[in-house]
Amino acid sequence: MLIQIHHLREDYAGQLLTIENTASNPIDQFAEWMEDAINAKVPEPNAMVLATNRTDGRPAARVVLLKGFDQTGFVFYTNYESRKGQEMAAHPYAALVFNWLDLQRQIRIEGTVEKISAEESDRYFQSRPKGSQIGAWASPQSKVIPNREVLEDTQARLNEQYADVDVLPRPENWGGYLLRPDLIEFWQGQTSRLHDRIQYAKTEQDWVKERLGP
């Protein structure tokens, strides 16, 4: 029996979002909203959907964690040989989506993607808990494995191998990506589905800010 979900709906009533009350720079606006999400104790406020293109052109999406941002763009980390890593190598474009239901807010980001420097990836990798460092070495991410014991056996071997150290070398197939945005949209839920959408589009000189229909 199928669960009936067509009747599920919620009427939003967020703060008004206008051209006038948003920052001239979208990264500054993102920083403001991220701070609001953190202060509101939104669960995993840095969790975001990462959308890429498969080699056959079909879209693919998954949730990853944002680990840094500045005026250059947005940084996240993963296994370069994972499915998403291969997709970004073949098609260096990606999109991000943040969805903070507690605040009735969403942010969409589109742009080009590139690897960050090995030195920056080293610094982040070695700042992680030791268990997470072990996990990056142990996981053949996105590859088919016969059972969970394969992971646990590899983890145990690595724990023994590195028992006397707290910092492991970074795997060469693991590191960070920078998404350089050229389009960022801020969405604020409003009543009767007349939501506010403010879009920033990158030009050669600056950002152009416009209102979109909901």
task: Would you work out which of Gln161, Ser121, Ser192 lies farthest towards the positive end of the dipole of segment 87-209, given +1 charges on the beta-carbon of Lys and Arg and -1 on that of Asp and Glu, about the Cα centre?
output: Ser192
query: For the chain, what number results from the quotient of the Cα radius of gyration and 2.2 N^0.38 Å?
result: 1.18
field: Cα centroid separation, segment 144-167 to segment 1-77 (Å)
entry: 34 Å
field: Two-site FRET efficiency, Leu183 against Glu35, from Cβ-Cβ distance with R₀ of 25 Å, rounded to 0.05
entry: 0.65
query: Counting each DSSP H run of 4 or more residues in the chain as -39500 (n - 2.57), what helix-only mean residue ellipticity at 222 nm follows after dividing by all residues, to the nearest 500 deg cm²/dmol?
result: -7500 deg cm²/dmol
statement: Plugging the Cβ-Cβ distance of Asn25 and Glu210 into 1/(1 + (r/R0)^6) at R0 = 22 Å yields, to the nearest 0.05, a FRET efficiency of 0.90
- request: Could you tell me the largest-minus-smallest coordinate of the C-alpha atoms of segment 103-156 on each of the three principal axes, in descending order and whole angstroms?
  value: 41, 31, 25
field: Convex hull of Cα atoms in segment 127-169, direction-averaged projection (nm²)
entry: 3.2 nm²
- prompt: Taking Rh as the Kirkwood radius, which is the inverse of the mean 1/r over Cα pairs, what is the Rg/Rh value for segment 156-200?
  reply: 1.44
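None of the figures in this text is laboratory data; all of them are computed from the coordinates on show. From a predicted model like this one, the values you see are computed outputs, not experimental measurements. Don't worry about glycine lacking a Cβ; one is built from the backbone with ideal geometry, like all the others, and counts go over all protein chains shown.
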